[in-house]
Amino acid sequence: METIGNKSGLLTTTPEARASLRREYKDSVFRLLFNNKENVINLYNAIAGKEYTAETQVNFTTIEDAVFKTEKNDIAFLLENTFVVLLEHQSSPNKNMTTRDLIYYSTILQRMYGMKAFLKEKCVKIPRPEFLVLYNGVREMPDYQEMKLSDNFYDHEEETGLQLTVKVYNINNGRNPEVMKRCRTLQEYSQFVGIVREYAETQKLSDSVMVEILQKCRAENVLKEFLEKYGTEVIGMLFEVLTEEEARELSRQDGFESGYEDGLAEGRAEGKEEGRKEGRKEGRKEGQEEGQYRKALDTARKMKAKGFALVEIAELTDLPLDEIEGL
C-alpha cells in the first residue's frame, strides 16, 4: 500500500484502486461498492428474497449519458429476465422519480432492440422491470414505501392502463433489519455512512478526521477490505456528499420556517384590514404561500450561483424548471 498526497488531504490507497478511482472519481462510494456481480447479486437477493447464485448471468446496463446524470449513484443491470434500476438516495426521493424511471426503461428497451423490432408482427419479449431505491437521507422515512407513476397523472384516481412502481427501502442504521441481515455488505455500508455522517455534521474534512474514521471502521469491522483497498479517498467522496446534503436540508428547513413566519405576518395584517374572520384565514394562507415562494426563489438563486444542477434545485425548492432557468 502507498501513501501519497492529494488536494483533499492524505490519500492512502493501493495502486490498483488509485487507477480505478481516477477513471471513476465522479462515481459514488455506493457505485464503487455495488457495481460488481457478486455484491449486486447478494444485495438483490436480500431485497427481493431471491436465491440467485454466482453462476447467474448479470449484465450491467447503466446509462451514462448526460441526460441521466441527475440519477446519480444509479446502477442498472439485467439479471436473467429482469431489468433492475437500483438507486441510492441521500435526500428525500424525488416525486418525479417514477416518470424518470419510465423514460430510463424506455431508453434501455430502444437501445437493446431498436425501434424497428417493435414494428414487426411477432411479439418481442422484453425483460420485466424492477425499480428500487435505497434511501439513507436525514429526513424521517418509513422502512418501506412505494411510489406509483399513476400518482403523477392528472386524474390519478381513475383506473389506468399504465403503471410503474418504485420500491423505496430505508437503509439507515437500525432500519430494515431483515434485509440487512441477509446482506452483510449493505449493513456495513449503512454503518459506514452513519459514521461518516456523524463526523460530517460537526467537523471539517482533514487528514486527522479521515484517520479517525478509518480507525473507527476498522475497530468495528465495517467495510474493512473495501477501505483497505480504496483508503481515505472514499471517505472524502462520501464526506463531501453528506456535507452538501446537510447544507441543503438546513437550507430547506430555514427557508420553510422563514417563509412561514413572513407569510403569517403578512396574512395577519391583511386579515386585520379586512376585519373579518374569513379574510384573516385567507390572508394568512396567501401571505404564507407568498413568503414561502419568495424564500424559495432566493434559495434557488443561491444554489444556481453555486453551480447546483437545475433538476436538483427544482427538487429542493419545488419551483418549476423554466422559472429556475430564468433566474
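A few remarks follow.
- Among the residues making up segment 152-185, a single one is over 23 Å from residue 92 (Cβ atoms) and open to solvent by less than 20 Å² (accessible area, probe 1.4 Å): 183.
- Checking residue 187 against (1) in contact (Cβ under 8 Å) with a residue 40 or more places away in the chain; (2) closer than 19 Å to residue 87 by Cα; (3) not hydroxyl-bearing (Ser, Thr, Tyr), the condition it does not meet: (1)
- Contact map, segment 29-47: first residue at pLDDT 95 or above, second residue outside any helix (DSSP H, G or I) and not β-branched (Val, Ile, Thr), Cβ cut-off under 6 Å, separation 6 or more or different chains; pairs are 41/52; 42/183; 43/183; 45/52; 46/183.
- Residue 175 being farther than 24 Å from residue 129 by Cβ, of a type in the set (Lys, Arg) and in a loop (DSSP other than H, G, I, E, B): yes
- A count restricted to segment 82-103 and to residues that are more than 22 Å from residue 139 (Cα to Cα), of a type in the set (Ser, Thr, Tyr) and out of contact with any Asp or Glu (no Cβ under 7 Å at 6 or more places or on another chain) stands at 1.
- Of the residues examined, residue 147 is not one that is assigned to a loop (DSSP other than H, G, I, E, B) and either surrounded by 16 or more Cβ atoms within 10 Å (Cβ to Cβ) or touching a Lys or Arg at 6+ places or on another chain (Cβ under 6 Å) (or both).
- Among the candidates 249, 225, residue that is of a type in the set (Asp, Glu), farther than 22 Å from residue 137 by Cβ and at pLDDT 60 or above: 225
- Residue, nearest to residue 244 (Cα to Cα), within segment 122-133, restricted to residues that are open to solvent by less than 70 Å² (accessible area, probe 1.4 Å) and touching a helix residue (DSSP H, G or I) at 6+ places or on another chain (Cβ under 8 Å): 133
- Flag for residue 188 being under 18 Å from residue 44 (Cβ atoms) and open to solvent by 30 Å² or more (accessible area, probe 1.4 Å): no
- Restricting segment 75-110 to residues that are of a type in the set (D, E, K, R) and free of Cβ contacts under 8 Å to residues at least 40 places away in the same chain, the residue that is farthest from residue 241 (Cα to Cα): 80
- Residue check for residue 229: open to solvent by 10 Å² or more (accessible area, probe 1.4 Å) and assigned to a helix (DSSP H, G or I): yes
For every residue, the table says whether it meets (1) more than 13 Å from the chain's Cα centre (by Cα); (2) at pLDDT 95 or above; (3) under 21 Å from residue 176 (Cβ atoms).
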{"residue": "64", "(1), (2), (3)": "yes, no, no"}
{"residue": "80", "(1), (2), (3)": "yes, no, no"}
{"residue": "91", "(1), (2), (3)": "no, no, yes"}
{"residue": "96", "(1), (2), (3)": "no, no, no"}
{"residue": "108", "(1), (2), (3)": "yes, no, no"}
{"residue": "111", "(1), (2), (3)": "yes, no, no"}
{"residue": "114", "(1), (2), (3)": "yes, no, no"}
{"residue": "118", "(1), (2), (3)": "yes, no, no"}
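- Restricting segment 232-246 to residues that are open to solvent by 40 Å² or more (accessible area, probe 1.4 Å) and β-branched (Val, Ile, Thr), the residue that is modelled with the lowest pLDDT: 243
- Filtering segment 199-226 to residues that are loosely packed, with under 12 Cβ neighbours inside 10 Å and of a type outside the set (Ser, Thr, Tyr) leaves 201, 204, 215, 219, 221, 225.
The values are calculated or read from the model by the stated rules, or taken from the named source; none is laboratory data. From a predicted model like this one, the values you see are computed outputs, not experimental measurements. With ideal geometry, Cβ positions are generated from the backbone for all residues, glycine too; neighbour counts draw on all protein chains shown. Just so you know, the surface numbers come from the protein's heavy atoms only, side chains and all, with ligands and any DNA or RNA stripped out. Shrake-Rupley method; radii C 1.70, N 1.55, O 1.52, S 1.80 Å.
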